[in-house]
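The values are calculated or read from the model by the stated rules, or taken from the named source; none is laboratory data. Bear in mind that the values here come from a model prediction, so they are computed numbers and not experimental data. A quick note on method: Cβ atoms are made from the backbone with ideal geometry, for glycine too, and the neighbour counts reach across all protein chains shown.
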Amino acid sequence: MRFPFRNRAVEPAPAPAPAPAPAPHEDGEALLEAVGLTKTYAGAAGELPVLSGIDLTVRAGEIVAVLGRSGSGKSTLLRCLAGLIPPSSGTVRYRGTPLTGANPGTALVFQTFALLPWLTVRQNVELGLEARGVPPRERARAAGQAIDLIGLTGFASAYPKELSGGMRQRVGFARALVVEPDVLMMDEPFSALDVLTAENLRGELLELWESGQFPTRAVVLVTHTIEEAVLMADRVVVLGTRPNGTIRETVEVALERPRDRDSAAFDELVDRVYRIMTGRPKDTRPHGRTAPGPGPGPGPERRTVAGTPLPTAGVDGLSGLAETIAHRGGGCDLAGLADELGLDIDDLLPQVDALDLLGFAEVHGDDLLLTGTGTAYTGADAQESRALFAAAALEVPLIKLIANSLGDRPGATVRTGFLRDLLGRHYTVEQTDRQLETATDWGRYAGLFAFDADRQEYRPHTPGPGR
Ligand SMILES: Nc1ncnc2c1ncn2[C@@H]1O[C@H](COP(=O)(O)OP(=O)(O)OP(=O)(O)O)[C@@H](O)[C@H]1O
Ligand SMILES: [Mg+2]
């Protein structure tokens, strides 16, 4: 089925006339191009890069997944490609023409469905067409087709509150597809849904795509789930956070569709992407302790606040992960562990980073191995493990800075404003907040300092059994 309004409001500059109904997998025309795309947001001491020099081309016939950890700039990249925010430098082109505003060839599906509660399903779907000036009868016809295509027949006159999450997201899809965008852009469209609903929707979308009925020529899917990326995409673009917002690697997924999640080839690709996601420049740990394998020497950045960002991982979570590895004999492979525990990569990797930063575990390939200190930490009683944690945490620059600034002087304080200014030279406000939250959690647990949330200041810990 083709929709009647393909590119109706899209009058791209002189572009070769597309074939009347191109099979989605065939033509390979460059639809979207980002060249040297850089985006910065304001930090305490000027502009901070969130995307740095991204080069990316999206071609007709492909599904491109953009994969990255929380804060790596995925949504920012998608918004730049959709022309919703301007790049700080570099260019985004749609069919060869640089964007000057919203990209006429894209439509977005969001994680939260963003439906208007006072409109019916049909009216919500028609919204995009209304904005493009499509007359009412044609709107109704196109919306009807989109509603049928996406499995909402029978729900057309329902209101969003009557629908389950999965059905609401179908409305999100129908609303984007009804305008027949050249490129459908999805920002974590399945992550607000329960596992089974998400799986079902993914399957249906892939079936439509493979059958050639999908009224769009390419898809960009933002996700933080490796399996989802490997299941759906022809190409997985992995964004890295160190340095900020760069393409760490692009992985071609040449597996035949429909893909078999249980096949060895699928597993192999998932493992490979895992390795790319967990791989880190060797200078990010403050010290290479008892690691097996080639321990890197301290690099120039290692002991600085800028070079050692604190992950978003509380003591309970990282300790739980350490215990889990200990129960598995001191080592396990990350993909298998995530699968077994039903965890998303976003749930797991911050804890992995935390253990690595503290010198309690190391990542080798896609295996996570406890170090000697890590093994001691998991085996010790509460007081000992707190002491081990304190020693390890004191090697983390931000925590060391707070603890050293306080010293042993009873009335000393360190205000978060001071730390915010310092961190703000290297990190965005949100990244700064998250790091301070972690530092506070770790430092309090370790008995290194106390924190007064009302006054937003750190104080020396009143000496107790843990110190
Ligand atoms: N409008 C903004 N102003 C300032 N900083 C921002 C803004 N939007 C995003 N950021 C920061 O830019 C970084 C990248 O954000 P972005 O939302 O693109 O990441 P993401 O990869 O989509 O993360 P998530 O997986 O959590 O959705 C984050 O550190 C965030 O704090
Ligand atoms: Mg995002």
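Side notes on the structure shown:
- Among the candidates LEU56, LEU81, LEU77, residue that is within 8 Å of ligand 1 (Cβ to nearest atom), of a type in the set (A, V, I, L, M), in contact (Cβ under 8 Å) with a residue 12 or more places away in the chain and under 15 Å from LEU32 (Cβ atoms): LEU77
- Count of region 94-107 residues, restricted to those that are surrounded by fewer than 19 Cβ atoms within 10 Å (Cβ to Cβ) and either under 24 Å from the mean Cα position of the chain (by Cα) or in a strand (DSSP E or B) (or both), is 3.
- Unmet requirement for PHE110, which otherwise passes all of (1) within 16 Å of ligand 1 (Cβ to nearest atom); (2) modelled with pLDDT under 90: (2)
- Total residues in region 368-385 satisfying the condition of being over 27 Å from LEU334 (Cβ atoms) and either crowded, with 20+ Cβ neighbours inside 10 Å or charged (D, E, K, R) (or both): the figure is 2.
- Any hit, region 215-224, residues being within 22 Å of GLY68 (Cα to Cα), among the small types (Gly, Ala, Ser) and either away from ligand 1 (no atom under 16 Å from the Cβ) or in contact (Cβ under 8 Å) with a residue 24 or more places away in the chain (or both): yes
- Subset of region 181-197 (residues that are more than 16 Å from ligand 1 (Cβ to nearest atom), touching a Phe, Trp or Tyr at 6+ places or on another chain (Cβ under 9 Å) and among the aliphatic types (A, V, I, L, M)): VAL183, LEU184
- Residue within region 61-70 that is in the same structural domain as GLY212 (by TED's automatic domain parsing), away from ligand 1 (no atom under 16 Å from the Cβ) and in a strand (DSSP E or B) present: yes
- Boolean, LEU196 is within 30 Å of GLU33 (Cβ to Cβ), away from ligand 2 (no atom under 16 Å from the Cβ) and part of a helix (DSSP H, G or I): no
- Within region 108-132, the set of residues being aliphatic (A, V, I, L, M), part of a loop (DSSP other than H, G, I, E, B) and surrounded by fewer than 17 Cβ atoms within 10 Å (Cβ to Cβ) comprises ALA114, LEU116, LEU119.
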